[in-house]
1. I'd like to know if region 31-42 contains one or more residues that are over 22 Å from residue 95 (Cβ atoms) and touching a helix residue (DSSP H, G or I) at 6+ places or on another chain (Cβ under 6 Å).
2. Of everything in region 76-122, what is in a helix (DSSP H, G or I) and touching a helix residue (DSSP H, G or I) at 6+ places or on another chain (Cβ under 6 Å)? Give them in sequence order.
3. May I ask you to list the residues in region 43-76 that are surrounded by fewer than 18 Cβ atoms within 10 Å (Cβ to Cβ), closer than 18 Å to residue 11 by Cα and in contact (Cβ under 8 Å) with a residue 40 or more places away in the chain?
4. State the number of residues belonging to region 8-18 that are surrounded by fewer than 20 Cβ atoms within 10 Å (Cβ to Cβ) and either in contact with a helix residue (DSSP H, G or I) (Cβ under 6 Å, 6 or more places away or on another chain) or modelled with pLDDT of 95 or more (or both).
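The values are calculated or read from the model by the stated rules, or taken from the named source; none is laboratory data. Treat the numbers as computed from the prediction; the structure is a model and nothing was measured. Positions of Cβ are backbone-derived with ideal geometry, glycine not excepted, and every protein chain shown enters the neighbour counts.
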């Protein structure tokens, strides 16, 4: 078992702007969705999919250059082996690395998502920097 899962939290786009100067939260929802994937962690392939989903989401709000820049940033800075608060699998104790979630870990994720369901729905519907 990988330890106990911490409650989901997000700081938006971490050390990157949440949007443009004119639209300050333009791609913030993309970052929250990405953070949900990073909080859970999993395999190297799951991380790659999450990172490309972030790129596509930012591209879909009309910012293809920013999308490429963000993809490069998360690919370099999101490794589970960096001791950062935004690493892949940050909901679990440090050094979990890349691996499929066990049945117990999946149950922990599902239970936490249920406990935080209304908060998560609110965040995704009305994103603000928290």
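1. yes
2. 109 - this is the single residue of region 76-122 that is in a helix (DSSP H, G or I) and touching a helix residue (DSSP H, G or I) at 6+ places or on another chain (Cβ under 6 Å).
3. Of everything in region 43-76, just one residue is surrounded by fewer than 18 Cβ atoms within 10 Å (Cβ to Cβ), closer than 18 Å to residue 11 by Cα and in contact (Cβ under 8 Å) with a residue 40 or more places away in the chain, namely 73.
4. Residues in region 8-18 being surrounded by fewer than 20 Cβ atoms within 10 Å (Cβ to Cβ) and either in contact with a helix residue (DSSP H, G or I) (Cβ under 6 Å, 6 or more places away or on another chain) or modelled with pLDDT of 95 or more (or both): 2 in total.
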